[in-house]
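In what follows, a structure is listed as structure tokens, so that the remarks can point back to it.
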Amino acid sequence: MLALALSLLLAQTPAPAPAQPPAEVDRLALLASVAPPRREALPRLLERARAMRLGEDPGWIKVGHYVPGPFGWKSEADGEDFFRAGKAGKRHPQAELEATLAALFEDTAPVADEMKDPACRFPARLRFLRDRLGIGEEVLPTRPCPRFEDFRRRVSPVGATVVFSSYYLNNPSSAFGHTLLRLDRGERRDSERAELLDYGVNYAAASDTSNPLLYAVKGLLGGFKGEFTHYAYYYKVREYADAEARDLWEYDLALTPPELTTLVAHLWELGATNFDYWYLDENCAYHVLTALEAAAPRLELVKGAGRYVVLPSDTIKALYGPPGLVREIHYRPSILRQFQARVAHLSPAALDAVEALQADPEAPLPGALGAERAAVLDAALDHIDLWNFKALVLGKDPALSRKRQRLLERRAELGIPSAPLVIEPPLAQAPHHGHGSFRLGAGGGASSTLGPLVILESRLALHDLLDPPDGYPPVAHIEFVPLRLRYAPRHQRVELDEGWAVKALALNDLSRFDQRFSWRFQLGAETLRDRGGNGALTFAAGFGGGFASLGIGGVADLMAGADVDVNAAPGIAGLRGSGWRLGVGPSALVRLRAGDRAALLAEAGWRWLPEASPRETWKLSLEGRLHLVHAPNGHDLSLALRARRAPGEDSAQAVVYAYF
Amino acid sequence: MKTLKLAAIAALALTATAASADGIKGNGRYGTAGCGLGSLVFGDQPGAVQIFAATTNGTFASQTFGITSGTSNCGPGLVAQGTKNFVEGNRVALAKDAARGQGDAIGAVAVINHCENLPAVAAALQRDFKVIFPSEQATDVQVTNALLQTLHSDPALGCKAG
């Protein structure tokens, strides 16, 4: 018996597979035994739907993705077949409802493709109409939808989870994090359910370009189609936690079984259509919320998620709007955190061995006990995977794969299990604790050249090194469109002090196991405060790299490196008298942090300006922040005090920041 | 709102660094790599490649799995649950967990195969490591078959077929 089962299992090596799921074939046969709907009931149902103004019901509005606008309702769905009422359906929810209802009764020709049958194409709408209009089996018999049933059986969730994948500065499209929805096959996390086998549902842009410039432009202009797709969750764990070393935060939601049923039905509806993908607001994070609202119209999530820019972290905060929606939080540490946890308690000799094993997989293991040796091999393996996961998966480095195989064999030969790695979740860094991503600032100051100053600031997103630390990685500065305006009343002069499209800084703690550079990058405009720049507003771009040492004494972070800057404007004394000025030179920064209440940042930079006049410039700045209010919804309040010195101007400023 | 987006564009466009390195264009046809996830869209590309197919945030998500377009070329199968599919998508992690005799990749394999005794499964994978993963060049099919052999030849593990 066992042998038979085994041989059956082993026999499932690649066999020619049918081109179409066989389920399609059965449908006509199944349909033959289904009674047609009672069409005479339709007029009465239409009348009742009109009387109830059912088209304006939140359940219908949300399942059709309608949003109110200056000209009435408009659906955000952009696939034409999402609307039964044609073009009118996009703007008129009531017309769409009536057309859907009519189609359910009239559009019942026996077709093999179930997506042409409205009952199979719109299972969530059908649920809504049955429920609200009391349409029973005797009036509208259930029609066979084998592919939908297959999907439903496969995902069969007993829970839903929103998964947040942490900020990843190395890829501009995910610098702000990413969210996806997970359909959970069980409530417990134990031997009967492996989360890895759950399904992840992802909303993402179907990019048709590999040109990064085109990608950015099309992404911002809604030029891509956004589509819902689904995966085994393990693909996402491998991609995010292993390949990109990003922590995953999982927010389990309290949805009722009927809401979960509607969720699955609605995802099916969404899977067959598309939305225009807008990088800033109608993005991955936003449509996770709209899908949840459609499944549970009682939830108001989108309203809490920001108006102009919807970031993944904003949508996580929005989950805390409806009381009790988040049932539990789970944390899945990235491969980086796992490695750090494994080396945290190793002896110096063991650390040496971990390093030696990277070069020579046969290097001797320290310690007499099996457990000690196992710990060294476990850390060495995580180290290889941390830096080479992609090459290993793709088989791009045969020598490395060979080395790893030897380490694995040596580890297995020890014959003792590793203790489960227990990593305390860094709860303060959970994204729902973060300050709001949008920031406004107002204050005043004094300039050595312009006298009193009024300061106004704004920033679309996200976080700098001095912002309230909760909810964000402590090593990253990523700002999208930060602007600072200065007004000097004595001179009736308004100037853009700084305005960046993007400003980013990534600090990497240099250690024997992590030799990554720290780097910075910025692009935008700044007013030069030196003699050659003459107070001119210039196009500005800069990048640099260096080394950092973080968490010294638990309070101090240091970085030192070299930068290259370019400034351009007509009239500045640049390269050989042109308007282009190149700057090259060292930079350094020191940050001190006092818990989550205050922080201090000192920065210094000197630049050699080749072929320009004068030949050098420099900058010094010192800024302190006091975090006055930390609100649960992220509406924090902070006070900034800063002093700056440059060859052309000294200034002091005080600014109050409000986060939204 | 849209003007705000426009205002930000010129500059941001310039800042998008190579987001594109990992684009792998699928041919949109069913392949021969087996059932389910491992076989769709990528033709004969190994399943693991799919981890990188959709670069972060779905930059290249056109190769991913539609919800309504069918997800398995083996009929209504349990896509995420086949042992072979799992090996294809998790081989690097599974080999490491097997060598350690501990980890959630082993837990997933045990769930797929309805095994009752998880510690015994973990110990068996560690014991048979060199049989299941004889070399880094072994194919996913070889690994899968050896893995199933280990799981289903020892009744003490409590694994059940089907």
- line: Filtering the stretch A:79-128 for residues that are in contact with a Leu (Cβ under 7 Å, 6 or more places away or on another chain) and of a type in the set (D, E, K, R) leaves a count of 1
message: I'm checking my understanding of the structure. Among residues of the stretch A:123-154 that are assigned to a helix (DSSP H, G or I) and of a type in the set (Lys, Arg), which one is farthest from the other protein chains (Cβ to nearest Cβ)?
response: A:Arg132
field: Among (1) more than 7 Å from every other protein chain (Cβ to nearest Cβ); (2) under 21 Å from A:Arg238 (Cβ atoms), the one test that B:Glu116 misses
entry: (2)
query: Only one of (1) crowded, with 20+ Cβ neighbours inside 10 Å; (2) modelled with pLDDT under 95; (3) among the basic types (Lys, Arg) is not met by A:Arg512, so which one is it?
result: (1)
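Which residue, of A:Leu408, A:Leu466, A:Leu483, A:Leu392, is assigned to a strand (DSSP E or B) and aliphatic (A, V, I, L, M)? Give the steps one after another, and end with the answer.
On the way: A:Leu408 fails: assigned to a strand (DSSP E or B); A:Leu466 fails: assigned to a strand (DSSP E or B); A:Leu392 fails: assigned to a strand (DSSP E or B).
Just a single option satisfies the conditions, and that option is A:Leu483.
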query: Out of A:Ala371, A:Ala379, which single residue is touching a Phe, Trp or Tyr at 6+ places or on another chain (Cβ under 7 Å), in a helix (DSSP H, G or I), closer than 16 Å to B:Arg100 by Cβ and touching a residue at least 12 places away in the same chain (Cβ under 8 Å)?
result: A:Ala379
- prompt: In the list A:Glu239, A:Glu282, A:Glu250, A:Glu293, which residue meets the criterion of being facing chain B (nearest Cβ under 8 Å) and out of contact with any Pro (no Cβ under 6 Å at 6 or more places or on another chain)?
  reply: A:Glu239
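Can you name the residue in the stretch A:55-84 that is of a type in the set (A, V, I, L, M) and modelled with pLDDT of 95 or more and is also nearest to the chain's Cα centre (by Cα) among such residues?
Among those residues, the one meeting the criterion is A:Val63.
Looking for something closer than 20 Å to A:Asp276 by Cβ and part of a helix (DSSP H, G or I) - is there at least one such residue anywhere in the stretch A:100-112?
If we filter the stretch A:100-112 for residues that are closer than 20 Å to A:Asp276 by Cβ, which is where we start, we get none.
Among the residues of the stretch A:100-112, not one is closer than 20 Å to A:Asp276 by Cβ and part of a helix (DSSP H, G or I), which makes the answer no.
Just the residues that are modelled with pLDDT of 50 or more and surrounded by 12 or more Cβ atoms within 10 Å (Cβ to Cβ), please, taken from the stretch A:7-35. Give the derivation first.
First, pick out the residues of the stretch A:7-35 that are modelled with pLDDT of 50 or more: A:25-35.
Of everything in the stretch A:7-35, those that are modelled with pLDDT of 50 or more and surrounded by 12 or more Cβ atoms within 10 Å (Cβ to Cβ) turn out to be A:Val25, A:Asp26, A:Arg27, A:Leu28, A:Leu30, A:Leu31, A:Val34.
Pick from A:Leu465, A:Leu460, A:Leu456: which is touching a His at 6+ places or on another chain (Cβ under 6 Å) and either more than 25 Å from A:His330 (Cβ to Cβ) or of a type in the set (Asp, Glu) (or both)? Spell out the reasoning first.
Values: A:Leu460 fails: touching a His at 6+ places or on another chain (Cβ under 6 Å); A:Leu456 fails: touching a His at 6+ places or on another chain (Cβ under 6 Å).
So the residue among A:Leu465, A:Leu460, A:Leu456 that is touching a His at 6+ places or on another chain (Cβ under 6 Å) and either more than 25 Å from A:His330 (Cβ to Cβ) or of a type in the set (Asp, Glu) (or both) is A:Leu465.
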query: Which of (1) among the hydrophobic types (A, V, I, L, M, F, W, C); (2) farther than 17 Å from A:Arg625 by Cα; (3) buried (at least 17 other Cβ atoms within 10 Å of the Cβ) does A:Leu496 not meet, given it meets every other one?
result: (3)
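Of the residues that make up the stretch A:100-118, is at least one in contact with a Cys (Cβ under 6 Å, 6 or more places away or on another chain) and hydrophobic (A, V, I, L, M, F, W, C)?
Initially, the stretch A:100-118 is screened for residues in contact with a Cys (Cβ under 6 Å, 6 or more places away or on another chain), giving A:114.
Next, only the ones that are hydrophobic (A, V, I, L, M, F, W, C) stay: none.
No, there is no match, as no residue in the stretch A:100-118 is in contact with a Cys (Cβ under 6 Å, 6 or more places away or on another chain) and hydrophobic (A, V, I, L, M, F, W, C).
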- request: Scan the stretch A:400-426 and report the pairs whose first residue is at the interface with chain B (Cβ under 7 Å from one of its Cβ atoms) and whose second residue is polar (S, T, N, Q), with Cβ atoms within less than 6 Å and a gap of 6+ or a chain change.
  value: A:Ala412/B:Gln126; A:Pro417/B:Gln102; A:Ser418/B:Gln102
query: Would you call A:Gly159 within 14 Å of chain B (Cβ to nearest Cβ) and under 30 Å from A:Asn283 (Cα atoms)?
result: no
field: Members of the stretch A:583-604 found to be of a type outside the set (A, V, I, L, M, F, W, C) and within 33 Å of the chain's Cα centre (by Cα), listed by number
entry: A:Ser587, A:Arg591, A:Arg593, A:Gly595, A:Asp596, A:Arg597, A:Glu603
message: Regarding the stretch A:445-468, can at least one residue be identified that is touching a Ser or Thr at 6+ places or on another chain (Cβ under 7 Å), closer than 30 Å to A:Val376 by Cα and surrounded by 18 or more Cβ atoms within 10 Å (Cβ to Cβ)?
response: no
message: What's the total number of residues in the stretch B:90-113 that are facing chain A (nearest Cβ under 7 Å) and of a type in the set (S, T, N, Q)?
response: 2
task: Return a yes/no flag: does the stretch A:201-221 have any residue that is part of a strand (DSSP E or B), more than 9 Å from chain B (Cβ to nearest Cβ) and modelled with pLDDT of 70 or more.
output: no
Scan of the stretch B:123-162 for residues that are touching an Asp or Glu at 6+ places or on another chain (Cβ under 8 Å), outside any loop (DSSP other than H, G, I, E, B) and either farther than 17 Å from A:Arg406 by Cα or β-branched (Val, Ile, Thr) (or both), ordered by number: B:Ala124, B:Asp140, B:Ala146, B:Thr150, B:Leu157
field: Selected residue (only one of A:Ala119, A:Ala102, A:Ala112 is over 22 Å from A:His287 (Cα atoms), without any contact (Cβ under 8 Å) to a residue 60 or more places away in the chain and of a type in the set (A, V, I, L, M, F, W, C))
entry: A:Ala119
- request: Evaluate the stretch A:435-443: report whether one residue or more is surrounded by fewer than 20 Cβ atoms within 10 Å (Cβ to Cβ), under 30 Å from B:Gln137 (Cβ atoms) and of a type outside the set (Lys, Arg).
  value: no
- request: Scan the stretch A:113-122 for residues that are hydrophobic (A, V, I, L, M, F, W, C) and part of a helix (DSSP H, G or I) and jot them down.
  value: A:Met115, A:Ala119, A:Cys120
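The values are calculated or read from the model by the stated rules, or taken from the named source; none is laboratory data. Predicted model only: the values in this text are computed from it and were never measured. Methodologically, a virtual Cβ is constructed for each residue, glycine included, from the backbone with ideal geometry; neighbour enumeration extends over all protein chains shown.
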